[in-house]
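Worksheet for the structure shown next.
The values are calculated or read from the model by the stated rules, or taken from the named source; none is laboratory data. From a predicted model like this one, the values you see are computed outputs, not experimental measurements. No Cβ is skipped: glycine too gets one built from the backbone with ideal geometry, and neighbour counts run over all protein chains shown. Heads up: the accessible areas ignore ligands, DNA and RNA and are worked out on the full protein's heavy atoms, side chains in. Shrake-Rupley method; radii C 1.70, N 1.55, O 1.52, S 1.80 Å.
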Amino acid sequence: MAILVQYNNAGIKFPIDRQRTRIGRGTDNEICIDDELVSKEHAVIEVLLSSEKDAQVDYLLQDLDSTNHTFVNDQPVSLYKLANGDVIRIGVNNFRFVDDNDGGLDETSKLYKTWIPGVFYTGNKK
C-alpha cells in the first residue's frame, strides 16, 4: 500500500487505500488541507491496475485545474505517474509519496513450522 507523508505537520501519514483519493481544501476530500493556496478540489490520486498477471498497480496524480497548480519534484504537472520517493507540493504543503510495494500488491505466503521452536519458513527457495 502507498502513503503520502506530509512534511509540514510532523510526518502525518495519509494512506492511499482507495481507487480514487481526492486532495483539496474542501472537507469532503479524503485528504483535506487547511491552506488558502489549495483549491477546494485541487488534485486526485488514482490507483490503476497495470498488470493483472503480476498484480502491479500504478498511482496517477492529476491536477484538477487548480489555481496554484500541483508540483512533483518541483515541476508543475497536470497528469503524472508517481514513483516511490516523489515529492508532491500542493500549496505550501510537501508530501513524500511512499510505495512500500513499489507498484505490486502483497502476496499471501503459507508458513511452515520447523523443528526449531518459533522458526518458520515460506517454502520459497531462492
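When Val57 is tested against (1) closer than 15 Å to Asn94 by Cα; (2) open to solvent by less than 60 Å² (accessible area, probe 1.4 Å); (3) at pLDDT below 95, only condition (1) is not met. Within the option set Asp28, Asp35, being part of a loop (DSSP other than H, G, I, E, B) and under 16 Å from Ile90 (Cα atoms) holds for one residue only, Asp35. When Lys40 is tested against (1) in a strand (DSSP E or B); (2) in contact with a Lys or Arg (Cβ under 6 Å, 6 or more places away or on another chain), just one condition goes unmet, and that condition is (1).
Among the residues of region 10-42, just one is free of Cβ contacts under 8 Å to residues at least 12 places away in the same chain and polar (S, T, N, Q), namely Thr27.
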